[in-house]
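*Asks:* Mind having a look at this structure? Questions to follow.
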Amino acid sequence: MHTLSSPTGLLRLRQILLAIFALWAVLALSGLLWALLPTRETPVDASLSVINPVQQAQRSESGEAVDIQRMTSWHLFGEAGTLSAATEVVSEQLATQESSREGIEKGARETSLDLTLRGVVASTEDGLGHAIIEHQKRQEVYAVEDKLPGSGQVSLAKVMPRQVVLDNSGTYELLTLFEDTALDAQIPAQEASPAYSPAPQQRQLQQRNDSDTTELARGFRDRLYQDPQSLAEVVSVSAVRADGALVGYQVAPGKQQQQFEQLGFKRGDLVTGINGIALNDPANTMRLYQTLRTASEAVFDLEREGQALSISVNLDSGAAQ
């Protein structure tokens, strides 16, 4: 005890304890390093028994072969070349509807209803499509089997290129498109809209009277009265308004841009009048439709980049030659 109580003894005891702690730290650090370092796998003693060993299913050499022909005869995804029951039902319904419309216009008389056929949008299916019908100065688009305005049970039964068939309470009646006598009655001379007067500025005139352009223009006129939708391949038309009022129609080329340019037009041209008929009044559309049917020339008044311009296209093949 006297030795430990002396300063020399305490110093020696401290040194011994530090040495012991240092040795312990070295041993602990070395153990940690050996635990982190990868070691070689110890081979398993063959004499040891394995509990629940993994077993692989052995392929039997005498197993039954898969019959491919038998599997294909099951037709898991349906039999090739045949229609499903649902498809057959739909096909039968379509065939029934088409047969029910076939020939219904034969023997039908002209309707006396207060309806006016303004336009027809044909369909690839025979007898189907849409019709623009006017009743009491209001136009609407109707599809086959739609109910039409007015008294009684009247519906649209069939759409054809020049007329439609109405089902008036079980009786078929005809409504003809753009009948000449009806148009003459609708547009009396004293009530006709005033002719279009060009702008006071000087208007440049371009004449397109070569034979190729004439034949092209005549072909477009025929398509206008036979298949108006086909003209969308040549030109797209959009109405232009200023201060809420219609000014004219802006044109742009369709798929057939070369034919569009051959007629003398450019993208963005604003057409304001045709053959002296202003396009700022929708009521003039009917007059223009009738005028172009027999016209020998089409004169388009337009504005191009702020300049007034007229394009004259000859429609008389004899004059062109």
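Laboratory data are not the source of any read-out in this text; all were calculated from the coordinates shown. On a predicted model such as this, the values are computed, not experimentally measured, just so you know. Every residue, glycine as well, gets a Cβ built from its backbone with ideal geometry; the counts of neighbours run over all protein chains shown.
*Asks:* Quick one: which residues, 5 or more positions from Glu297 or on another chain, have an amide H under 5 Å from its amide H? H modelled 1.01 Å from N in the peptide plane, none for Pro or chain starts.
*Replies:* Excluding prolines and chain starts, which carry no amide H, the hits are Leu315.
*Asks:* Further question: Mind checking which lysines have their C-alpha under 27 Å from Lys106, skipping anything on the same chain fewer than 8 residues away?
*Replies:* Within the straight-line limit of under 27 Å, Lys106 reaches these lysines: Lys147, Lys158.
*Asks:* Looking only at Cα atoms, what is the convex hull volume of segment 189-320 per residue, in Å³? It would help to have the intermediate numbers written out before the result.
*Replies:* Working: hull volume 16.1 nm³, N = 132.
Considering the Cα atoms of segment 189-320, their hull volume per residue is 122 Å³.
*Asks:* Within 10 Å, count the other beta carbons around each residue, average over each peptide in 273-280, 103-110, and list them highest first.
*Replies:* Packing order, densest peptide first, comes out as 273-280, 103-110.
*Asks:* Using r as the Cβ-Cβ distance of Ser155 and Ala242, and R0 as 41 Å, what FRET efficiency do you calculate, to the nearest 0.05?
*Replies:* Values: r = 41 Å, r/R0 = 0.99.
The calculated FRET efficiency here is 0.50.
*Asks:* Modelling each spin label as a point 7 Å along the Cα-to-Cβ direction, I'd like the Ala19/Gln307 distance in nm, to one decimal.
*Replies:* The two pseudo-label positions are separated by 11.3 nm.
*Asks:* Over all distinct alpha-carbon pairs, what is the Kirkwood Rh of segment 109-177 in angstrom?
*Replies:* Values: mean 1/r = 0.0860 Å⁻¹.
The answer is 11.6 Å.
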